[in-house]
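Reading through the structure tokens given below for one structure.
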Amino acid sequence: QVQLVESGGGLVQAGGSLRLSCAASGSILIINTMGWYRQAPGKQREMVATITRGGTLNYLDSVKGRFTISRDNAKNTVYLQMNSLKPEDTAVYLCNADGLAAGNTYIRNYWGQGTQVTVSS
């Protein structure tokens, strides 16, 4: 199996920055696309940013120019640098990854537990 553990959330004032990290561990054979999603109270979960193993990026329009996703394939870790944060960025941020674990014959999708990001005005 693959476990995803997020870190780096917290409380920040509007205009501030935070950096989220998500490390994948377990009996990993390969991790393909990794990404960050968020879910605010009463709202649907939405994709924030994704990055393929080869480095292809995809961003939610409202975070373009403010957030940067990156990854370290050797460490099976994905990062999300969040700058110029706004109150509307407040949400639980969840790490997501497509991975193949030892003993499996197909790639599965995995989720982390989530980390709270709160932006005060």
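The values are calculated or read from the model by the stated rules, or taken from the named source; none is laboratory data. It should be emphasised that the depicted structure is a prediction, and the values quoted were computed from it without experimental measurement. FYI the Cβ positions are ideal-geometry reconstructions off the backbone, even for glycines, and counts take in every protein chain you see. When the accessible area is computed, the model is the full protein with side chains, heavy atoms only, and any ligands, DNA or RNA have been set aside. Shrake-Rupley method; radii C 1.70, N 1.55, O 1.52, S 1.80 Å.
Per the Debye calculation on the stretch 10-54 with a single equal scatterer at every Cα and no solvent contribution, log₁₀ I(q)/I(0) for q = 0.13, 0.22, 0.23, 0.24 Å⁻¹ amounts to -0.46, -1.01, -1.04, -1.07. Sparse packing (at most 15 other Cβ atoms within 10 Å of the Cβ) combined with a DSSP loop state is found for the following trypsin sites (Lys or Arg not before Pro) in the stretch 53-121: Arg53, Lys64, Arg66, Lys75. Based on the Kirkwood approach, the hydrodynamic radius assigned to the chain is 14.4 Å, with every pair of different Cα atoms included.
Within the stretch 1-106, the chymotrypsin sites (Phe, Trp or Tyr not before Pro) that combine a DSSP coil assignment with at most 13 other C-beta atoms in a 10 angstrom radius are Tyr106. Ligands, DNA and RNA are left out, and with a 1.4 angstrom probe the accessible area of the chain is 51 Å² per residue.
When the solvent-accessible area of the stretch 63-117 is split by element, carbon and sulfur atoms take up 46 percent of it, the probe being 1.4 Å. A Gaussian network model of the chain, with springs between Cα atoms under 10 Å, assigns the largest mean-square fluctuation among Thr105, Thr50, Thr90 to Thr105.
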